[in-house]
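Visitor: This is the structure, below, for whatever I ask next.
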Amino acid sequence: MKAYLERRYAAGDGKSLYYREYGDPLAETIPMLCLPGLSRNSRDFQELAMRHASKRRVICPDFRGRGRSDYDQDPKNYHPKKLLDDIRHLLVAANLHHFVVIGTSMGGILAIALSALIPSAVRGIVLNDIGPDIGGAGFGRILQYLGKDNPQSDWETATAALKEMLPGLSFRTAEEWRAVTEGTFREGEDGVLHIDWDPLIVEPMRTRADSAELWTLFQAIRAKPALAFRGENSDILSEATMSKMTARHTRLTAVTVAGAGHTPSLLEDEATSAIDTFLREI
């Protein structure tokens with residue numbers, strides 16, 4: 001028996017989008033909404049969700065063009081503003097009125113925007129290796145692999161390809177690497193493993209987000225309890241940007257994950273401990 005329910009909902013334009021639901025919908029604790037990174041999907045939060053499902057409801061979506069959600073023939077609809085609109089439809093479909101939001105990489109940008117747009121719904125925000133100033137080197141690295149398929153013959157070669165594609169991941173065991181590989185590739189009808197996202201999602205990302213606009217959004221959430229993780233070796237979130245974030249947001253707790261790049265898995269000891277403490281205090 002699966003540890004989660006598989007659900008679908010309709011976006012504003014009728015696209016069928018997927019999400020996983022963990023835990024008891026009637027739990028009295030504040031639910032958790034987990035937003036994955038740019039090319040990632042709900043499977044990235046499997047272990048995190050299962051750790052907390054005994055105490056709270058956890059919702060983990062696949063954005064359009066990723067995982068089990070519909071792909072879109074118009075790449076303009078992969079813009080983060082469209083994804084934000086999809087999330088708002090998800091909140092209605094899932095009957096999610098208030099929640100703590102956890103966002104990894106681009107999911108963190110969406111979490112900031114969501115908190116600024118509907119502040120009464122967001123009780124706290126967790127940012128995983130993302131901030132208003134996005135590192136140029138890391139951004140360029142992501143663009144290099146995002147817009148093309150990377151077919152692999154088997155799971156062993158797929159894992160090797162993933163380690164090259166995402167060198168900042170901090171998984172330690174073969175089991176952890178296999179799990180994240182299965183969240184990155186899918187088996188096609190040709191029997192070959194393919195990336196589990198639409199390569200067209202790269203198109204709206206060729207223009208970097210405006211840093212000034214992102215800082216304005218960040219300023220709008222400074223009253224919210226916040227927790228921010230930075231991989232020690234991250235090429236997306238610099239130490240200087242993290243310091244600037246803590247200076248501008250007095251309710252933000254900053255945690256550096258030793259040995260991690262972009263992004264921490266949130267399964268590291270310092271990450272799980274910080275999240276547990278954060279949730280207890282909200």
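Visitor: Answer with yes or no whether residue 263 is surrounded by fewer than 16 Cβ atoms within 10 Å (Cβ to Cβ), among the hydroxyl-bearing types (Ser, Thr, Tyr), at pLDDT below 95 and at negative phi.
Guide: Against the criterion (surrounded by fewer than 16 Cβ atoms within 10 Å (Cβ to Cβ), among the hydroxyl-bearing types (Ser, Thr, Tyr), at pLDDT below 95 and at negative phi), residue 263 does not qualify.
Visitor: Report every pair of residues separated by at least 6 positions or lying on different chains whose Cβ atoms are under 9 Å apart, first residue within the range 270-282 and within 13 Å of residue 226 (Cα to Cα), second part of a loop (DSSP other than H, G, I, E, B) and aliphatic (A, V, I, L, M).
Guide: So the pair list comes out as 275/266; 279/30; 282/30.
Visitor: Do we have any residue at all in the range 77-100 that's in a strand (DSSP E or B), crowded, with 16+ Cβ neighbours inside 10 Å and not charged (D, E, K, R)?
Guide: Yes.
Visitor: Given the condition in contact with a Leu (Cβ under 6 Å, 6 or more places away or on another chain), farther than 23 Å from residue 256 by Cα and in contact (Cβ under 8 Å) with a residue 40 or more places away in the chain, answer yes or no: does some residue in the range 203-226 qualify?
Guide: So far as the range 203-226 goes, no, none of its residues is in contact with a Leu (Cβ under 6 Å, 6 or more places away or on another chain), farther than 23 Å from residue 256 by Cα and in contact (Cβ under 8 Å) with a residue 40 or more places away in the chain.
Visitor: Only one of these conditions is not met by residue 110: (1) part of a loop (DSSP other than H, G, I, E, B); (2) modelled with pLDDT of 95 or more; (3) of a type outside the set (Gly, Ala, Ser); (4) in contact with a Pro (Cβ under 8 Å, 6 or more places away or on another chain). Which number is it?
Guide: (1)
For every residue, the table says whether it meets (1) touching a Gly at 6+ places or on another chain (Cβ under 9 Å); (2) surrounded by 15 or more Cβ atoms within 10 Å (Cβ to Cβ).
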{"residue": "145", "(1), (2)": "no, yes"}
{"residue": "158", "(1), (2)": "no, yes"}
{"residue": "162", "(1), (2)": "no, yes"}
{"residue": "167", "(1), (2)": "yes, no"}
{"residue": "177", "(1), (2)": "no, yes"}
{"residue": "182", "(1), (2)": "no, yes"}
{"residue": "189", "(1), (2)": "no, no"}
{"residue": "195", "(1), (2)": "no, yes"}
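Visitor: Within the range 22-37, which residues are buried (at least 20 other Cβ atoms within 10 Å of the Cβ) and closer than 16 Å to residue 102 by Cα?
Guide: 22, 31, 32, 33, 34, 35, 36, 37, listed by residue number.
Visitor: Still on this structure, please answer the following. Here is a list: 56, 64, 68. Which entry is farther than 26 Å from residue 276 by Cβ and surrounded by fewer than 23 Cβ atoms within 10 Å (Cβ to Cβ)?
Guide: Residue meeting the stated conditions: 68.
Visitor: I've got another one for you. For the range 229-266, which positions are more than 20 Å from residue 124 (Cβ to Cβ), in a loop (DSSP other than H, G, I, E, B) and either among the small types (Gly, Ala, Ser) or in contact (Cβ under 8 Å) with a residue 40 or more places away in the chain (or both)?
Guide: Of everything in the range 229-266, those that are more than 20 Å from residue 124 (Cβ to Cβ), in a loop (DSSP other than H, G, I, E, B) and either among the small types (Gly, Ala, Ser) or in contact (Cβ under 8 Å) with a residue 40 or more places away in the chain (or both) turn out to be 233, 234, 235, 236, 238, 258, 259, 260, 261, 262, 265.
The values are calculated or read from the model by the stated rules, or taken from the named source; none is laboratory data. Note that the coordinates shown come from a computational prediction; the quantities given were computed from them, not determined experimentally. Virtual Cβ from ideal backbone geometry, glycine too; neighbours counted across all protein chains shown.
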